[in-house]
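Data block below; observations after.
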């Protein structure tokens with residue numbers, strides 16, 4: 001029995017839900033899961049029953065609600081300090097927080113034109129000049145982090161930064177974006193995580209499908 005419950009949306013489409021879910025799995029925490037189907041007449045009411053913000057994800061820990069993906073990841077890092085969800089080195093930790101915050105607030109074009117979709121192969125869709133610029137920045141960011149702090153992940157071992165960018169990895173895969181070899185190597189490392197495989201399998205098994 002666990003006193004942690006993560007409220008998430010459809011696994012095929014809810015990129016913000018994937019981020020803390022992956023961090024919690026990588027941290028080795030036991031947690032229950034409540035999935036709220038999105039885009040339904042009762043979706044808002046069902047989410048509001050759990051989340052003060054009216055959005056998913058939301059983590060329920062006893063009587064405490066923690067909402068927003070990055071805030072949940074921060075809370076998880078405190079619950080499981082031994083998991084090393086932030087780098088131990090202060091400089092690396094500062095950069096990891098910076099890139100996580102950049103993902104949290106940025107890349108609007110990529111998120112708008114290449115939404116997360118684990119149901120379909122959408123190769124060739126969604127590319128615009130602004131989206132290409134977002135992808136170029138992401139590739140540069142990933143390459144810089146891995147060259148400075150070591151692979152296979154952005155800061156050597158898995159951190160919250162990788163959880164924040166995991167949905168981007170799925171987007172580049174879904175939309176068949178041509179990437180650099182070093183980008184492909186990072187994508188492969190993320191996609192090979194057992195937790196990522198579990199999320200993807202569950203997403204593909206969902207009976208609901210949104211129109212592109």
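Taking the listed residues 109, 100, 51, the one that is modelled with pLDDT under 95 and surrounded by 14 or more Cβ atoms within 10 Å (Cβ to Cβ) is 51, with no other qualifying.
Summed over the range 16-36, the residues that are buried (at least 19 other Cβ atoms within 10 Å of the Cβ) and under 21 Å from residue 207 (Cα atoms) give a count of 5. Among the residues that make up the range 65-74, is at least one of them touching a strand residue (DSSP E or B) at 6+ places or on another chain (Cβ under 7 Å) and within 19 Å of residue 165 (Cβ to Cβ)? The answer is yes; a qualifying residue exists. When the range 80-96 is filtered for residues that are part of a helix (DSSP H, G or I) and without any contact (Cβ under 8 Å) to a residue 60 or more places away in the chain, the ones remaining, listed by number, are 81, 82, 83, 90, 91, 93, 94.
You will find that of 25, 46, the residue that is over 27 Å from residue 121 (Cα atoms) and out of contact with any strand residue (DSSP E or B) (no Cβ under 6 Å at 6 or more places or on another chain) is 46 and no other. Please determine, by comparing only the residues of the range 58-79 that are crowded, with 20+ Cβ neighbours inside 10 Å and either in a helix (DSSP H, G or I) or on the phi > 0 side of the Ramachandran plot (or both), which one is farthest from the chain's Cα centre (by Cα). Per the criteria, the residue is 76. Pairs meeting the criteria (first residue in the range 184-212 and surrounded by fewer than 14 Cβ atoms within 10 Å (Cβ to Cβ), second residue assigned to a helix (DSSP H, G or I), beta carbons under 8 Å, at least 6 apart or on different chains) are 197/191.
In the set (1) over 14 Å from the mean Cα position of the chain (by Cα); (2) touching a residue at least 24 places away in the same chain (Cβ under 8 Å), residue 171 fails one condition alone, (1). The single residue among 165, 149 that is crowded, with 17+ Cβ neighbours inside 10 Å and either farther than 25 Å from residue 125 by Cβ or more than 11 Å from the chain's Cα centre (by Cα) (or both) turns out to be 149. Would you check if there is a residue in the range 146-164 being part of a helix (DSSP H, G or I) and either free of Cβ contacts under 8 Å to residues at least 24 places away in the same chain or assigned by TED's automatic domain parsing to the domain that holds residue 72 (or both)? There is at least one residue in the range 146-164 that is part of a helix (DSSP H, G or I) and either free of Cβ contacts under 8 Å to residues at least 24 places away in the same chain or assigned by TED's automatic domain parsing to the domain that holds residue 72 (or both). Scanning the range 109-129 for residues that are within 15 Å of residue 172 (Cα to Cα) and either in a helix (DSSP H, G or I) or touching a helix residue (DSSP H, G or I) at 6+ places or on another chain (Cβ under 6 Å) (or both) yields a count of 12.
The values are calculated or read from the model by the stated rules, or taken from the named source; none is laboratory data. Given the structure is predicted, the values throughout are model-derived calculations rather than measurements. Virtual Cβ from ideal backbone geometry, glycine too; neighbours counted across all protein chains shown.
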